[in-house]
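Participant: Have a look at this one before I ask anything.
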Amino acid sequence: MPQPIKRHPSLQPLSRDHHFGLLLCFKIREGFRRKVEPERIKRYTDWFWKLYLVPHFELEEKYVFPILGADDPRVLQAIDEHRRLRQLFESTDEISVTLSRIEEELEQHIRFEERVLFNAIQEVATPNQLATCEEHHKMPEVTEVWKDEFWLD
Ligand SMILES: [Fe+2]
Ligand SMILES: [Fe+2]
């Protein structure tokens, strides 16, 4: 049995974002399974990208990854995956292919952060560094809710 990951409380808001990221991957898969038009799925992934993932990636790059240092191979891998995911989310061609890459690569990226990177980070982080990560985490205003729930169609 895999051990449940003990996440430091200051990193829990980021782990919660990861949970929503995995849900996004699930919704893309459901969309495909239900033969939802790719454009309709893409409208949702565009919204989710801007509202949740852009700030999440920025916070990780600015406050979380530097804890391990810019030369750490795991940090380099994560930054590379962010670059790749940015390209995918911002791409407007071959929507169906791009969505299925997002589904695959975002899930892998999140699993890597949860299973490897965040554990390494919380091992070496100072209480101050952890507090800074927590302070800068802002949940988007929840006034905006996505109404087109294609994954329930
Ligand atoms: Fe990340
Ligand atoms: Fe992340």
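Participant: Count the lysine pairs in the chain that are 8 or more places apart or on different chains: how many have C-alpha atoms under 26 angstrom apart?
Facilitator: 17
Participant: Using just the helices of the chain, give the 222 nm mean residue ellipticity in deg cm²/dmol: DSSP H runs with n ≥ 4 each add -39,500 (n - 2.57), and the total is spread over all residues, rounded to 500.
Facilitator: So the calculated ellipticity at 222 nm is -19000 deg cm²/dmol.
Participant: Within the chain, which whole H helices from DSSP have a Cα span along their axis of at least 24 Å and a mean Kyte-Doolittle hydropathy of -0.5 or more, if any?
Facilitator: Sorted by number, the helices that extend far enough and score high enough are 12-33, 95-112.
Participant: Which order do PHE112, PHE65 take when ranked by solvent-accessible area (1.4 Å probe, heavy atoms of all protein chains), largest first?
Facilitator: If we order PHE112, PHE65 from most to least accessible, we get PHE112, PHE65.
Participant: Determine the relative contact order of segment 45-124: mean sequence separation of Cα pairs under 8 Å and six or more apart, normalised by residue count, in whole percent.
Facilitator: Relative CO of segment 45-124 lands at 37 percent.
Participant: Mind listing which GluC sites (Glu not before Pro) in segment 96-153 are in a DSSP loop and have 13 or fewer other Cβ atoms within 10 Å?
Facilitator: GLU141, GLU144, GLU149
Participant: Calculate, for segment 1-133, the solvent-accessible area per residue in square angstrom, rolling a 1.4 angstrom probe over the heavy atoms of the protein chains.
Facilitator: 55 Å²
Participant: While we're on this one: Give me Rg over Rh for segment 28-73, both radii from the alpha carbons and Rh done the Kirkwood way, two decimal places.
Facilitator: That ratio equals 1.24.
Participant: With a cut-off of 8 Å between alpha carbons and a minimum separation of six or more residues, what is the relative contact order of segment 1-146 in percent?
Facilitator: In percent, rounded to a whole number, it is 41.
Participant: In whole Å, largest first, what are the principal axis extents of the Cα atoms in segment 11-134?
Facilitator: Principal-axis extents of the Cα atoms in segment 11-134, largest first: 48, 24, 22 Å.
Participant: If you don't mind, another one. For a quick check of your reading of the filter: which trypsin sites (Lys or Arg not before Pro) in segment 10-83 sit in a DSSP loop and have no more than 13 other Cβ atoms within 10 Å?
Facilitator: Passing sites in segment 10-83 are ARG34, LYS35.
Participant: Given 0.36 nm per residue, what is the gain on full extension from GLU37 to LYS6 after removing their alpha carbon distance, in nm?
Facilitator: The GLU37-LYS6 span can extend by a further 7.2 nm.
The values are calculated or read from the model by the stated rules, or taken from the named source; none is laboratory data. All figures in this text were calculated on a predicted structure; none of them were measured in a lab. Please note: Cβ atoms are built from the backbone with ideal geometry, for glycine as well, and neighbour counts cover all protein chains shown. Just so you know, the surface numbers come from the protein's heavy atoms only, side chains and all, with ligands and any DNA or RNA stripped out. Shrake-Rupley method; radii C 1.70, N 1.55, O 1.52, S 1.80 Å.
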